[in-house]
Amino acid sequence: QQRDAKQCAIACKPPGSFFSHILVDFFQVGFGISMVEEFCSRIMPPKKNKGKSNINKSKTKKIKTNEGGNELEEKYRRSALDVTVLRDHLALRGDVAQQAQSVSHDLRSRMRDMEQELHHERLDRRDVSADLTRQYKTMQTDMTVKVKKLGDEAILLREQLAQCQEELRTERRAHEQLQQEKDATIADLQNKLDNMETDYEKILHDTLDSLTSHLADARLRWEDESTVVHQEYKELLSDFGLNSLDI
């Protein structure tokens, strides 16, 4: 940037070395080349055309005679211009310095704000990290307790299942044994019932045969007795002169 300022100062060629230092200062405070060239164009006298130099040689000789009288006025004008430029330069540098201080103050304020925000973010991040760590540890502890509880419940349920299965097998064996005993009892009772039916049938036949025999004997006996009684009644009637057939 300083090299561009020096090149611009050499290209502009303002009167005196003071302008070269001013241009360098302009570049140092942040002015661009276009602004510096505009400044140079305002304070520089217009360049003479080389094509017309030969034509105006006679005129320049005449002007040299008048330069002696105007030299003092030209020096005064240049001194006044230098003072004006110096004042403008000092005012410009003061404004630039004030702007730089304002920008520096703003940057420092923004830096402090950003540092505070960063500090708060770090604290928040630390708090969040601590809270997440605490929650993770709490969840891990709860999960460990739940896993242990579920493991104990699973062991207890397995034991209860094994006990229930054993009781079921025992009950099944007892039921099968009871069913076998019941079937055996029913078969025994059915056998006894069949035997009793046969015995009752035999007894009934024997009783009927005996009753028939007794009835036959009683019939014969009653027939004999009725014949005797009938004969006696007949004889008794005949004694009274009656005929049994008439009666």
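The values are calculated or read from the model by the stated rules, or taken from the named source; none is laboratory data. Predicted, not measured: the structure shown is a model, and the values here were computed from it. Every residue, glycine as well, gets a Cβ built from its backbone with ideal geometry; the counts of neighbours run over all protein chains shown.
Overview of results
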{"quantity": "Residue among THR170, THR185, THR198 that is β-branched (Val, Ile, Thr) and either modelled with pLDDT under 90 or not in a helix (DSSP H, G or I) (or both)", "calculated": "THR198"}
{"quantity": "Tabulated pairs, the range 218-241, first assigned to a helix (DSSP H, G or I) and modelled with pLDDT of 80 or more, second basic (Lys, Arg) and loosely packed, with under 10 Cβ neighbours inside 10 Å, C-beta under 6 angstrom, 6+ apart or interchain", "calculated": "none"}
